[in-house]
1. Within region 26-78, can you find the residues that are buried (at least 17 other Cβ atoms within 10 Å of the Cβ) and of a type in the set (Asp, Glu)?
2. Where the second residue is β-branched (Val, Ile, Thr) and the first is closer than 23 Å to His66 by Cα and lies in region 22-34, which pairs have Cβ atoms under 7 Å and are six or more apart or on separate chains?
3. Answer with yes or no whether Leu162 is surrounded by 13 or more Cβ atoms within 10 Å (Cβ to Cβ), away from ligand 1 (no atom under 16 Å from the Cβ) and assigned to a helix (DSSP H, G or I).
4. Out of the residues in region 57-74 meeting the condition of being out of contact with any Phe, Trp or Tyr (no Cβ under 9 Å at 6 or more places or on another chain) and of a type in the set (A, V, I, L, M, F, W, C), tell me which one is nearest to ligand 2 (Cβ to nearest atom).
5. Looking at (1) touching a helix residue (DSSP H, G or I) at 6+ places or on another chain (Cβ under 8 Å); (2) assigned to a helix (DSSP H, G or I), which is the only condition Glu19 fails?
6. Conditions first: (1) hydrophobic (A, V, I, L, M, F, W, C); (2) more than 16 Å from ligand 2 (Cβ to nearest atom); (3) modelled with pLDDT under 90. Ala77 passes all but one, so which condition is the exception?
7. Would you check if Asn129 is within 19 Å of Lys34 (Cβ to Cβ) and exposed (fewer than 15 other Cβ atoms within 10 Å of the Cβ)?
8. Looking at Leu133, Leu127, Leu106, which is the one that is within 16 Å of ligand 2 (Cβ to nearest atom), modelled with pLDDT of 90 or more and part of a helix (DSSP H, G or I)?
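The values are calculated or read from the model by the stated rules, or taken from the named source; none is laboratory data. From a predicted model like this one, the values you see are computed outputs, not experimental measurements. Glycine also receives a Cβ, built like all others from the backbone with ideal geometry; neighbour counts cover every protein chain displayed.
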Amino acid sequence: MTNTIDRSDLLDWAHHEHEHLTKLFDDLRATFNKIAVGELEGAQREEALDQAVDDLEGALEDMLEHFNEEEEVYFLAIEARFPEFAEQIENLTSTHEKLCERTRRLQRLLATREQDLSEMSGELIALINALTLSLERHNEEEQQVFVMALKRLPEDERIALLDAKKSLG
Ligand SMILES: [Fe+2]
Ligand SMILES: [Fe+2]
């Protein structure tokens with residue numbers, strides 16, 4: 001994914017990753033809304049639901065990997081170099097936890113879908129909508145911190161950060 005981006009440009013990396021995650025959750029939101037309003041029926045609905053469950057798992061994995069890279073590499077580096085960002089970094093980290101918890105709640109809710117999806121569709125839609133919105137808000141807040149902090153880092157330090165991120169695997 002980062003191959004098409006200048007290796008020193010962490011802002012582009014973050015922006016690209018945020019767009020990727022936003023799209024994953026937007027697509028899931030669209031699918032769940034379609035299912036909830038009864039737009040899909042029978043086998044088509046079951047298929048869409050199974051696919052959405054798989055996609056949600058993939059989205060959570062990508063999100064966890066992204067958050068981990070931010071916390072282990074960028075947040076640590078920003079805090080070490082610019083302590084004035086400590087409070088914002090702390091808020092961003094706690095939002096990571098909330099977003100993961102909401103995603104897991106959604107997974108748990110879907111695990112009961114065999115019983116009756118219509119019963120829980122209100123809660124399901126509220127949850128996916130809230131999740132997508134909080135992710136978008138989080139990305140915007142984080143991007144602001146990155147813009148302010150990373151731009152102040154010299155290029156060699158930005159390259160070192162990107163290498164550190166890659167070495168996380
Ligand atoms: Fe983040
Ligand atoms: Fe992020």
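1. Passing the criteria: Glu69, Glu70.
2. Sorted first by the residue in region 22-34, then by its partner, the pairs are Phe25/Thr132; Asp26/Thr132; Leu28/Ile128; Arg29/Ile128; Arg29/Thr132.
3. Details: surrounded by 13 or more Cβ atoms within 10 Å (Cβ to Cβ): yes; away from ligand 1 (no atom under 16 Å from the Cβ): yes; assigned to a helix (DSSP H, G or I): yes.
Against the criterion (surrounded by 13 or more Cβ atoms within 10 Å (Cβ to Cβ), away from ligand 1 (no atom under 16 Å from the Cβ) and assigned to a helix (DSSP H, G or I)), Leu162 qualifies.
4. Applying the filter and picking the extreme gives Phe67.
5. Of the numbered conditions (1) touching a helix residue (DSSP H, G or I) at 6+ places or on another chain (Cβ under 8 Å); (2) assigned to a helix (DSSP H, G or I), the odd one out for Glu19 is (1).
6. (2)
7. Values: within 19 Å of Lys34 (Cβ to Cβ): yes; exposed (fewer than 15 other Cβ atoms within 10 Å of the Cβ): yes.
Spelling it out, Asn129 is indeed within 19 Å of Lys34 (Cβ to Cβ) and exposed (fewer than 15 other Cβ atoms within 10 Å of the Cβ).
8. Working: Leu127 fails: within 16 Å of ligand 2 (Cβ to nearest atom); Leu106 fails: within 16 Å of ligand 2 (Cβ to nearest atom).
So the residue among Leu133, Leu127, Leu106 that is within 16 Å of ligand 2 (Cβ to nearest atom), modelled with pLDDT of 90 or more and part of a helix (DSSP H, G or I) is Leu133.
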